[in-house]
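Beneath this line is the structure, given in structure tokens, with notes to follow.
All of the numbers you see were taken from the coordinates with simple rules; none came from a lab. All of these numbers come straight from a predicted model, not from anything done at the bench. Note that we place each Cβ from the backbone using ideal geometry, even for glycine, and neighbour counts take in every protein chain shown.
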């Protein structure tokens, strides 16, 4: 079997990448690319590999996001920050004006107080 036949067989039948074929046969990747592009099946194979790569990328991204989201919600520190954010939102959501000096002082003193949630100090 000649180099061209081996290249085409590895690319289309064994689904190897151009770089892998070049390393196995000890030839340049540019030569492999040239041989493959001359074949009639190249456009179809390229589109097929593109679709497969997009699907794999989508699955990998979904798995990463699922894992990252799970880790974020399991993190105790993150839960504490969410609790503080909710509490501060409630504190400043009154009907009085926000820039009133009494409200600012009250909020400042509240932020400086120690908050204990389930026996854990959240801020000092």
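Numbers at a glance
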item: Inter-label distance, nm, simple model (7 Å from Cα along the C-beta direction), residue 50/residue 81; result: 4.0
item: Label-point separation in nm, residue 61 to residue 13, each point 7 Å along Cα→Cβ; result: 3.6
item: Peptide ranges 77-88, 43-54 listed from the most packed, as the mean C-beta count within 10 angstrom indicates; result: 77-88, 43-54
item: Length added when fully stretched, residue 3-residue 93, from 0.36 nm per residue minus Cα-Cα; result: 24.9 nm
item: Computed label-point distance, nm, for sites residue 28 and residue 40 using a 7 Å Cα→Cβ extension; result: 2.9
